[in-house]
Amino acid sequence: QAHLVKRIHDRYGLNGDKTTNDDEDDAPVRIPVIIKADADGTLEAVRDAILSIGSESKLNLCIDPVGLSIGSITTTDVRMAIDSGAPIFVFGNNAGNGDNAVMSLAESEDVTIRSHKVIYHLLDDAKDVFAGFFPPVPTESIHGSAYVQ
């Protein structure tokens, strides 16, 4: 997941200390995604559910589906993921990973592919992937106190 975050940060001008572009302090972080499903109706439902993560999140993010299609993962999907830095989310019983050549390309290029048959698992996984786009929020914890004269 770290390689995906680095690729997105490099592509969209983000750095580890700041999650927005320098020009627009309140601009949401754009997270590209590719969504695959086993049927048109399922694809629409999964797309809407993933987009709702961005709109309902306390994080300032904008989910941007750069690819939506039905069926197995293709070379085109993997190349699009490489170019955009997008993870590929696959949902459904009949939508699956591509052939060996496609999966080898994805593995060699560190493309994140998440495949699920249960929508809740896919959405939980997507939230985890999206949270990785933000640096950890520093917290302060007091371990003691001292008085200096």
- Task: Would you point out the residue of the range 115-141, among those that are within 10 Å of the chain's Cα centre (by Cα) and modelled with pLDDT of 80 or more, that is nearest to Asn60 (Cα to Cα)?
- Result: Phe130
- Item | Any hit, the range 63-75, residues being in contact with a Pro (Cβ under 8 Å, 6 or more places away or on another chain) and β-branched (Val, Ile, Thr) | yes
- Message: So, in the range 34-63, exactly how many residues are surrounded by fewer than 16 Cβ atoms within 10 Å (Cβ to Cβ), under 13 Å from the mean Cα position of the chain (by Cα) and small (Gly, Ala, Ser)?
- Response: 0
- Message: Given (1) without any contact (Cβ under 8 Å) to a residue 60 or more places away in the chain; (2) out of contact with any helix residue (DSSP H, G or I) (no Cβ under 9 Å at 6 or more places or on another chain), identify the lone condition not met by Ala131.
- Response: (1)
- Message: Can you say whether Val66 is open to solvent by less than 20 Å² (accessible area, probe 1.4 Å), among the β-branched types (Val, Ile, Thr) and not in a loop (DSSP other than H, G, I, E, B), as far as the supplied structure shows?
- Response: no
- Query: Residues of the range 98-107 being open to solvent by less than 80 Å² (accessible area, probe 1.4 Å) and of a type in the set (S, T, N, Q), which ones?
  - Reply: Ser104
- Determine if the range 26-44 includes at least one residue that is hydrophobic (A, V, I, L, M, F, W, C), at pLDDT 65 or above, closer than 22 Å to Ile113 by Cα and in a helix (DSSP H, G or I). yes
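The values are calculated or read from the model by the stated rules, or taken from the named source; none is laboratory data. None of the values given here were measured: they were computed from a predicted structure. Here the Cβ is made from the backbone with ideal geometry for all residues, glycine too, and neighbour counts use every protein chain on show. The area values use the complete protein model at the heavy-atom level, side chains included, leaving out ligands, DNA and RNA. Shrake-Rupley method; radii C 1.70, N 1.55, O 1.52, S 1.80 Å.
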